[in-house]
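The structure appears below as structure tokens.
Read-outs throughout are calculated quantities, based only on the coordinates presented, and are distinct from any laboratory measurement. Treat the numbers as computed from the prediction; the structure is a model and nothing was measured. Please note: Cβ atoms are built from the backbone with ideal geometry, for glycine as well, and neighbour counts cover all protein chains shown.
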Amino acid sequence: MDIKEQSHKQYDLPEAKASQKHYTTPDGYLDGLAQQIMAALPEQEVRPAQRVGWWVKAKPIIYLAASFVGLYYGFKAVNSFTPEARVEQVAQQVADAGVQTEDDYWLYLQDYSESLGELEFEPTLEGELD
């Protein structure tokens, strides 16, 4: 028998009436079923509801506020490492050091490098590079 013949073969299925008897419950089965189930359950004492304290109610709000504060300062810390923020910090340090001319700036950089323990560097003029 080839596949084409198998696909067209009629199977002997039961009639609709005969098939429906498999999907019915016995007579009177659902009558009093709820009472039988309730009678089979063990008795439990009913406890009154417990009062919820203020801390249990306030805890989620406090945690949410703390997470927002943490996110704010986290983003602020990450943004402080950007090049623009670093330039602003250096500019503020230079202004605080009283640097007004280019020579003062080179002296400030030399002092700063010495304070870090780095090697001394000599400022070069742009014309000397050629």
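Sort Tyr72, Tyr112 so the one with the fewest other Cβ atoms within 10 Å of its own Cβ comes first. Display every interim value, and only then the final one.
Values: Tyr72 10, Tyr112 14.
If I rank by nearby Cβ atoms, fewest first, I get Tyr72, Tyr112.
Stretched out fully, how many nm does the piece from Asp96 to Arg47 gain, at 0.36 nm a residue minus the Cα gap?
Working: separation 49, 0.36 × 49 = 17.64 nm, distance 7.00 nm.
Between Asp96 and Arg47, full extension yields an extra 10.6 nm.
Full-extension gain between Gln36 and Lys59, please, as 0.36 nm times their residue separation minus the C-alpha to C-alpha distance. Walk me through the numbers on the way to the answer.
Values: separation 23, 0.36 × 23 = 8.28 nm, distance 4.45 nm.
Taking 0.36 nm per residue and subtracting the Cα distance, the gain is 3.8 nm.
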